[in-house]
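Worksheet: one structure, shown below.
Please treat every number below as a calculation from the coordinates, not as lab data. Keep in mind that what you see is a predicted model, and the values were worked out from it rather than measured. Note: ideal-geometry Cβ built from the backbone for every residue, glycine included; neighbour counts use all protein chains shown.
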There are 2 protein chains.
Amino acid sequence: MMKLPDPVQKVVDELAELPSIGPRQAVRLAFHLIAQGPKDLRDLSDAIGGLAAIKICTHCYFIHQNDDGLCDICINPARNARIIMVVEKETDLLSLENTKKYTGRYFIIGQVPKTGFLEAWQKTRLAALAKFVEDELGGQADELIFAFNPTALGDFQASLLMKELAPLAKKVSRLGRGLPTGGEIEFSDDETLGASLERRS
Amino acid sequence: MMKLPDPVQKVVDELAELPSIGPRQAVRLAFHLIAQGPKDLRDLSDAIGGLAAIKICTHCYFIHQNDDGLCDICINPARNARIIMVVEKETDLLSLENTKKYTGRYFIIGQVPKTGFLEAWQKTRLAALAKFVEDELGGQADELIFAFNPTALGDFQASLLMKELAPLAKKVSRLGRGLPTGGEIEFSDDETLGASLERRS
């Protein structure tokens, strides 16, 4: 590859390290940014720098900007602290919040590696969850809900964690499985259709 | 969508404006950046800000960091200024340079809109090309090579431009069309195979 000027190569390298951005897309993005001109460059640069002001909730690990260590959800007295939904990612939390049907709290465990084994920082988060349940909920939550992707991997990870965290709650559940609203029976895959039969209500 | 803290929303908006990054990916990227921590945020922010030092070549519109207005290719006396390859994008130029088989210069016209009509800034570039040919090459280049994508749209745009720019050069050509090296005849599409027959050599 023809040598790019250092400042360009640096941006390409930085962008290519981001998830879901490949090396070619990184080059295209760098050229796009240059073409945008100095004002847009400064806007993006400042915006990214501004993320340093974002804090991570010490209870659920979601983001926030509050003065104490808790996010808007954990700080909200209307949210039931005794019901905790375990999600992998912040974006899963956002999608679940969008349903406006959940009034409990969350716990972000982070994306579980494909091996199914948690990394050290994820174990630290689990230890913090256990401590929270111990200190603030008298040793047991009312319910732990596992909201993992309905895939073979997600199911596997959820079942491992459900077993491990079972002592922390009176009830352990996972999201319902069945026909997606708006879907068609004719075009549903066997697994989904089978689950909808088994879990008919 | 649940309201995100302002600094996060700002980054999401900025990223979502970039080509090939959708709004969902922008949110995921923002969370990824936050999770990376302040040092990585500063590195990326600084790298992007550093792009302001990049200049655009006044002859070919490629990027450079030289003191005068010309890029490394246009400044290089070993490159033949009388042969000019018209490309759409910087990344096309990079791919063509990688072949190490071209010793002429380039001219970046910018991605031609799907309508086939050039935008005002692209017409300005064409006027600059005509002026360059007039002032520096005595009114005619030896060859203008059109390196546009071998698609219906690219062919259409190339043929329009070839007609328009024909007076600027003794010879006007476009990249050869035929079987891609390493391809298989059995799996070639009809257009490619037909072109390879018509242009057999």
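Between the helical axis of A:6-16 and the longest alpha-carbon principal axis of chain A there is an angle of about 20 degrees.
When only alpha carbons are used to place a centre, region B:141-183 and region A:67-87 end up 62 Å from one another.
Panel order for A:H59, B:H32, by other beta carbons found within 10 Å of each beta carbon, from fewest to most: B:H32, A:H59. Looking at region B:1-77, the trypsin sites (Lys or Arg not before Pro) that sit in a DSSP loop and have at most 16 other Cβ atoms within 10 Å of their own Cβ are B:K3.
Please quote Rg/Rh for region B:6-53 to two decimal places, taking the Kirkwood radius as Rh and restricting both calculations to Cα atoms. Value, to two decimals: 0.98. Compared with the dominant principal axis of the Cα atoms in chain A, helix A:23-36 is inclined by about 60°.
Expressed in nm², what is the orientationally averaged projection area of the convex hull enclosing the Cα positions of the protein assembly as shown?
On the way: hull surface 107.9 nm².
Spelled out: convex hull of the Cα atoms, projected over all directions, averaged, 27.0 nm².
Close amide H partners of A:M85, meaning residues 5 or more places away or on another chain with modelled amide H under 5 Å apart, are A:R105, A:Y106, A:F107, A:I145.
In plain terms, the bigger the Kirkwood radius, the slower the diffusion; for region A:1-103, with that radius from Cα pairs, at 25 °C and 0.890 mPa s, Stokes-Einstein puts D at 145 µm²/s.
Here is the link list: A:K89/A:K171; B:K114/B:K171; A:K114/A:K171; A:K163/B:K39; A:K39/B:K163; A:K10/A:K89. Which ones come out longer than 31 Å on Cα distance? Don't jump to the answer; show the numbers that get you there.
Working: A:K89/A:K171 22 Å; B:K114/B:K171 27 Å; A:K114/A:K171 27 Å; A:K163/B:K39 37 Å; A:K39/B:K163 37 Å; A:K10/A:K89 29 Å.
Violating the 31 Å limit, Cα to Cα: A:K163/B:K39; A:K39/B:K163.
Charge dipole of region A:152-194 (Cα centre as origin; +1 on each Lys and Arg Cβ, -1 on each Asp and Glu Cβ, all else neutral): 540 debye, rounded to the nearest 20.
Expressed per residue, the C-alpha convex hull volume of chain A stands at 204 Å³.
Here the Karplus relation 6.51 cos²θ - 1.76 cosθ + 1.60, evaluated at θ = phi - 60°, turns the backbone of region B:180-193 into coupling constants of x, 4, x, x, 10, 4, 4, 9, 6, 6, 4, 4, 5, 5 Hz, with x for every Gly and Pro.
Find the all-direction average of the projected area of the Cα convex hull for region A:55-174, expressing the result in square nanometres with one decimal place.
On the way: hull surface 28.4 nm².
Dividing the Cα hull surface by four gives the mean projection, 7.1 nm².
Here is the list for region B:144-201: GluC sites (Glu not before Pro) lying in DSSP coil, each with at most 12 other C-beta atoms within 10 angstrom of its C-beta, are B:E184.
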